[in-house]
Amino acid sequence: MFPTMRAQELKHIVHTDSIRFIDCRYSLNDASYGKYVYRQGHLPNAVFLDLMEDLSGPLSEHGGRHPLPSKEAWTQTLRRIGIQRDDLVVIYDDGFPFAARAWWLFKWAGHERVIVLEGGIQSGITYCGRRRRTSRPTLLPTTHPSSKTR
């Protein structure tokens with residue numbers, strides 16, 4: 001599967017697949033930005049993943065500003081947000097590289113069906129017919145396996 005997809009391409013598979021939207025909007029200048037804009041509106045049933053809380057591990061002496069989470073911590077995140085092995089995961093942000101980071105983490109954990117939505121949330125709003133949600137979806141934890149070890 002190619003790592004990015006345009007909204008119009010997504011329309012062709014929406015009725016045949018279980019799509020899970022992941023909102024990864026974040027600002028390095030304002031750590032509260034992503035959560036704020038998610039609460040203001042997101043794609044239907046999108047789950048928010050925060051750079052600091054979900055897409056990064058604990059800070060250490062040699063890990064950089066945003067070290068990767070451990071594979072175990074990332075797998076726990078996938079389980080917590082209810083990702084199933086066969087879900088098509090569609091990740092978006094608003095022009096920054098955080099959707100790409102989430103894509104890499106999904107692939108690292110062995111989840112093959114994951115793409116980044118080209119054009120970010122604006123493209124997604126067009127795809128969803130301008131329907132944005134402010135409620136958070138009900139999440140049912142899963143037993144998402146992490147099959148690859150690197």
Check: Just checking, how many residues over the range 20-38 are over 13 Å from the mean Cα position of the chain (by Cα) and among the aromatic types (Phe, Trp, Tyr)?
Finding: 2
Margin query: Can you list residue pairs whose Cβ atoms sit under 8 Å apart, with the first residue in the range 59-72 being of a type in the set (D, E, K, R) and the second being open to solvent by less than 50 Å² (accessible area, probe 1.4 Å) and not in a loop (DSSP other than H, G, I, E, B)? Count only pairs 6 or more apart in sequence or on different chains.
Written below: 71/108
Margin query: Could you tell me how many of the residues in the range 31-72 are of a type in the set (Val, Ile, Thr) and more than 17 Å from residue 97 (Cα to Cα)?
Written below: 1
Checklist line | Wholly enclosed helices (runs of 4 or more DSSP H) of the range 37-150 bearing at least 1 residues at pLDDT 95 or above and closer than 15 Å to residue 23 by Cβ | finding: 71-80, 98-108
Check: Can you tell me which residue in the range 22-46 is nearest to residue 80 (Cα to Cα), limited to those that are crowded, with 20+ Cβ neighbours inside 10 Å and touching a Leu at 6+ places or on another chain (Cβ under 9 Å)?
Finding: 22
Note to self: Pull out all pairs, ordered by first then second residue, where Cβ-Cβ is under 6 Å, the residues are six or more apart or on different chains, the first lies in the range 74-99 and is of a type in the set (Ser, Thr, Tyr), and the second is in a helix (DSSP H, G or I).
What the structure shows: 92/99; 92/120; 92/121; 92/124
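The values are calculated or read from the model by the stated rules, or taken from the named source; none is laboratory data. As the structure is a prediction and not an experimental result, all values here were calculated from the model. Ideal geometry is used to build each Cβ from the backbone, glycine not excepted, and the neighbour counts take in all protein chains shown. Side chains included, ligands, DNA and RNA excluded: accessible areas come from the protein's heavy atoms. Shrake-Rupley method; radii C 1.70, N 1.55, O 1.52, S 1.80 Å.
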